[in-house]
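Take a look at the structure set out below.
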Amino acid sequence: MVKNARTVAIRSLLAGLTLGGACIVVGAVSTEGVSGAPASLNPDVAETWNSGASIPGTILNDAPCGVAESSPVEFNDGGTAGVEVGDRQGNIYGLNLQTGAVLPGWGSGSGSAVGSGQGCMSNPSGGSPGTGVNGVAVPGNPPIDSTASVSPSNGDLYFGAGNAAAPIDGGYYAYAPNGTEAWNQVVTNPATDNAPDGGVKASLPVSNGGSLVEGGSLGQETYGLNASNGTPAAGWPAFSADSVFSTAATGDFYGTGSDDFAVGGASSAGFALGTHYSDGGHVRVYNDHGGLICSANTTEEVDSSPAVGPILPSGAYGIATGTGSYYSGASDENTVKVYDTKCNQVWSDTLNGSTGGSPALADVQDNGQLAVVEGTYINNSSGTVYAVNASTGATIWQANVPGGVLGSVTTADLNGSGAQDVIVPTTHGMYVLDGPTGLQVANFDDGSGNGGIPVNAVYGFQNAPLVTADANGSIGITVAGYFQPNGANYVQGIVQHFEVTGSSSGNADAAGGWPQFHHDAQLTGFVGGGNSLGTCDRPAAARNGYLTVASDGGIFAFGQDFCGSTGGVALNKPVVGMAAIPGNGGYWLVASDGGVFSYGQAQFYGSTGSLRLNAPVVGMAATPDGGGYWLVASDGGIFSYGNAQFYGSAASVPGQDIVGMAASPDGQGYWEVSTTGRVFAFGDATPQGDAPSLGLHLNSPIVGITPDPVTGGYWLVGGDGGVFSFSAPFFGSTGSIHLNQPVVAMQSTGDGLGYWFVASDGGIFSYGDAPFRGSMGGQHLNKPMVGMDGF
């Protein structure tokens with residue numbers, strides 16, 4: 001698989017910088033001349049920091065780099081409210097929220113160092129860089145486009161470093177509230193990555209009560225890290241099809257008590273680790289141990305950071321996201337989409353420009369309903385903001401703004417009306433839109449001349465403004481971006497703070513609001529209070545456990561949902577195996593005559609129950625989307641149902657006693673295995689070796705096969721619990737242990753970092769990251785165990 005050359009992607013550009021040459025002066029911002037501005041909302045937005053006589057705000061010593069996609073975030077530095085932001089020179093800044101002064105430990109005051117220009121926003125070819133305050137230099141000075149998240153327990157700040165123009169260096173970082181480094185973690189890419197980039201542009205949301213941070217890299221790995229020390233958490237990293245620019249939304253989407261992650265990604269055409277990929281992207285949902293719950297493919301990469309909330313009918317959780325702009329002309333370019341938590345697309349709207357910025361979920365109409373609010377980038381001087389009905393995709397309003405929207409809108413109830421008003425960052429200043437109507441009611445930093453701002457003097461913003469409850473009882477707005485000093489041909493970073501006169505700080509983070517990038521200081525991108533999927537409706541991979549089945553069809557659930565069984569039904573033939581739906585709730589059982597029994601959301605697609613078989617059925621496997629299944633007989637015959645395709649069988653090979661099968665990770669192939677450990681591969685399931693070809697001595701016949709979803713290899717297990725690994729890691733076995741009863745089935749975890757097997761008496765043996773959730777070992781069973789499935 002060949003990765004895209006995203007080192008030249010537009011993530012690193014300033015999109016054709018055309019800033020005026022005059023010094024920028026910001027004062028109170030007027031709404032004079034705003035056509036149709038509602039009388040109820042004409043906010044007076046006043047700048048409060050002034051670090052220089054002519055240029056308000058705190059100027060950063062980072063020419064020619066500036067602040068691009070790193071958004072300001074509020075944190076607590078020993079009792080002092082601070083704001084943090086990173087720049088493309090590789091510095092992080094901690095400023096006093098109320099004064100703009102550098103916090104102790106966060107820098108050394110004024111300076112005049114010039115940035116290297118690596119991954120920066122402009123390259124000076126003359127003139128003198130300006131001066132400004134210094135920040136804390138991240139080792140190696142990788143550019144920082146990530147927004148810092150804040151630990152809810154100790155206040156640490158977590159962020160990534162590296163971007164598309166400088167993708168090699170960087171990684172994952174944590175800094176204490178006093179500006180000192182707590183830990184860092186580098187990216188280790190798989191050997192198959194032809195461009196093993198180590199940068200991390202995505203931000204790192206904090207989940208599981210503050211114990212885990214997660215983020216994709218510009219390589220091919222997505223990490224979940226222990227927040228306390230930065231080490232990879234159990235089950236992580238997860239393989240990415242290509243670079244990840246998207247910040248994941250995190251929360252308990254399924255009512256399991258554990259957090260999940262909804263994230264966008266990119267893919268490029270090729271075959272990797274058992275899966276075929278196409279040019280485009282995807283929306284994926286992972287569980288907290290790196291297991292893939294579901295995935296939806298798109299024709300355009302998804303750089304936008306998803307937002308999750310109760311936006312579907314009856315308060316069900318939905319996933320809202322924009323896409324990207326890498327694959328020009330792709331059908332999903334310029335779209336905003338909503339998915340359910342099974343990755344089924346609910347609707348998709350095509351807008352008038354790039355939707356790489358992230359949506360907000362906000363109650364702009366004061367009706368108790370969250371709308372999807374998305375900005376578009378048409379060009380450097382043109383963009384549009386859309387408010388869209390989250391349930392249906394119908395446009396509520398759309399408003400043009402005089403600058404492209406590369407970043408993310410935020411919202412606040414600025415006048416106490418109950419409706420959320422929209423604060424829009426653009427490449428040509430800041431704009432405030434009335435929530436119910438979309439009419440422009442205020443503008444600042446845009447060079448319009450309002451409030452004494454010189455004409456053609458303008459700041460640019462590619463991130464998201466921060467809304468805060470200020471100490472004086474007003475709503476504060478902090479912005480971070482770049483400006484062009486008078487007569488210069490480069491940009492420089494600046495951070496400013498404004499207050500909305502007459503506003504109430506109690507409305508800064510009111511219900512229905514979206515006050516900063518990705519909603520909150522933990523960057524969860526998640527609005528709770530919705531309805532999770534019910535039992536046997538949520539995907540099996542949302543749970544962390546397994547199911548076992550006995551020959552009478554009795555089901556025993558450990559860390560999974562029980563959806564029914566044939567335990568009390570008279571069967572024509574005994575049950576011999578089972579398969580759970582990867583992206584849904586439920587499972588199938590199969591009997592030796594090929595009779596299939598469906599439970600939960602599992603659909604019945606057909607069976608051989610009424611056919612005369614040459615040999616009994618011995619197992620089954622499901623397609624990755626749960627839209628079909630295969631049955632395999634002991635003579636190697638394959639029976640395909642639903643969307644399961646027939647790729648061949650071992651039925652033409654005489655003398656083979658087939659005992660099981662496994663599907664390849666993308667469902668475009670499968671393996672069969674015999675009692676002697678011979679493996680037959682069909683479709684894109686590649687042969688990785690078997691017991692006879694290696695001359696392996698088996699103490700006990702092989703009873704099952706399970707795939708490694710990461711390497712494209714597989715494991716075989718014998719009746720004595722001996723495990724044989726083929727292009728897959730070995731985690732342990734019971735081959736040297738005396739068992740009370742023989743092993744009958746095996747199952748790998750969703751991340752390929754562990755496996756379980758079950759014995760006929762119900763005993764469970766777990767290895768690697770496969771958790772032990774309980775067993776029926778030592779308890780009375782009416783019939784012996786014959787199969788299992790787990791995630």
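The values are calculated or read from the model by the stated rules, or taken from the named source; none is laboratory data. Note that the coordinates shown come from a computational prediction; the quantities given were computed from them, not determined experimentally. Cβ: placed from backbone, ideal geometry, glycine included. Neighbour counts: every protein chain shown. Accessible surface is based on the protein model in full, side chains and every heavy atom, while ligands, DNA and RNA are left aside. Shrake-Rupley method; radii C 1.70, N 1.55, O 1.52, S 1.80 Å.
Descriptive notes on the structure:
- Residue in the range 4-27 that is modelled with pLDDT of 60 or more, under 37 Å from the mean Cα position of the chain (by Cα) and not acidic (D, E) present: no
- Filtered residues of the range 253-264 (kept if buried (at least 21 other Cβ atoms within 10 Å of the Cβ) and either of a type in the set (V, I, T) or out of contact with any Ser or Thr (no Cβ under 6 Å at 6 or more places or on another chain) (or both)): D260, A262, V263
- Of the strands (runs of 3 or more DSSP E) lying entirely inside the range 349-458, those carrying at least 2 residues that are open to solvent by less than 10 Å² (accessible area, probe 1.4 Å), closer than 24 Å to D509 by Cα and of a type outside the set (S, T, N, Q) are 360-362, 371-379, 382-389, 421-426, 429-433, 440-444.
- Some residue of the range 723-737 being modelled with pLDDT of 95 or more, hydrophobic (A, V, I, L, M, F, W, C), under 20 Å from M578 (Cα atoms) and open to solvent by less than 40 Å² (accessible area, probe 1.4 Å): no
- Answer from A195, A161, A176 - the residue that is open to solvent by 10 Å² or more (accessible area, probe 1.4 Å) and at pLDDT 95 or above: A176
- Filter result (open to solvent by less than 10 Å² (accessible area, probe 1.4 Å), under 13 Å from N572 (Cβ atoms) and not in a strand (DSSP E or B)) within the range 596-645: T608
- One residue from D666, D708 being modelled with pLDDT under 95, open to solvent by less than 10 Å² (accessible area, probe 1.4 Å) and within 37 Å of the chain's Cα centre (by Cα): D708
- Residue within the range 647-654 that is in contact with a Cys (Cβ under 6 Å, 6 or more places away or on another chain), under 29 Å from L292 (Cβ atoms) and touching a residue at least 12 places away in the same chain (Cβ under 8 Å) present: no
- Among the residues of the range 309-334, those that are open to solvent by less than 10 Å² (accessible area, probe 1.4 Å) and either in a strand (DSSP E or B) or of a type in the set (S, T, N, Q) (or both) comprise G309, I311, G318, I319, A320, T321, T323.
- Total residues in the range 259-268, condition more than 13 Å from the chain's Cα centre (by Cα) and either under 19 Å from P310 (Cβ atoms) or part of a strand (DSSP E or B) (or both): 1
- Verdict on L571 being farther than 21 Å from P709 by Cα, buried (at least 16 other Cβ atoms within 10 Å of the Cβ) and either small (G, A, S) or out of contact with any His (no Cβ under 9 Å at 6 or more places or on another chain) (or both): yes
Residue by residue, here is whether (1) over 16 Å from G752 (Cβ atoms); (2) aromatic (F, W, Y); (3) within 16 Å of the chain's Cα centre (by Cα); (4) open to solvent by 10 Å² or more (accessible area, probe 1.4 Å) holds:
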site	(1), (2), (3), (4)
A234	no, no, no, yes
A241	no, no, yes, no
G270	yes, no, no, yes
D279	yes, no, no, yes
D288	yes, no, yes, yes
I293	no, no, yes, no
N297	yes, no, yes, yes
A307	yes, no, yes, no
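- Here A508, A557 are screened, and the one residue that is open to solvent by less than 30 Å² (accessible area, probe 1.4 Å) and of a type outside the set (D, E) is A508.
- Condition broken by G155, with the remaining ones in (1) surrounded by fewer than 19 Cβ atoms within 10 Å (Cβ to Cβ); (2) modelled with pLDDT of 95 or more; (3) assigned to a strand (DSSP E or B) satisfied: (3)
- Those residues of the range 568-595 which are within 31 Å of the chain's Cα centre (by Cα) and outside any strand (DSSP E or B), in sequence order: I581, P582, G583, N584, G585
- Whenever a residue of the range 506-522 is closer than 17 Å to P436 by Cα, its partners that are of a type in the set (D, E, K, R) and open to solvent by less than 20 Å² (accessible area, probe 1.4 Å), lying with C-beta atoms within less than 7 angstrom and at least six residues away or across chains, give the pairs N507/D413; A510/D413; G512/D363; G513/D413.
- Which numbered condition K337 misses (of (1) among the basic types (K, R); (2) open to solvent by 10 Å² or more (accessible area, probe 1.4 Å); (3) in a strand (DSSP E or B)): (2)
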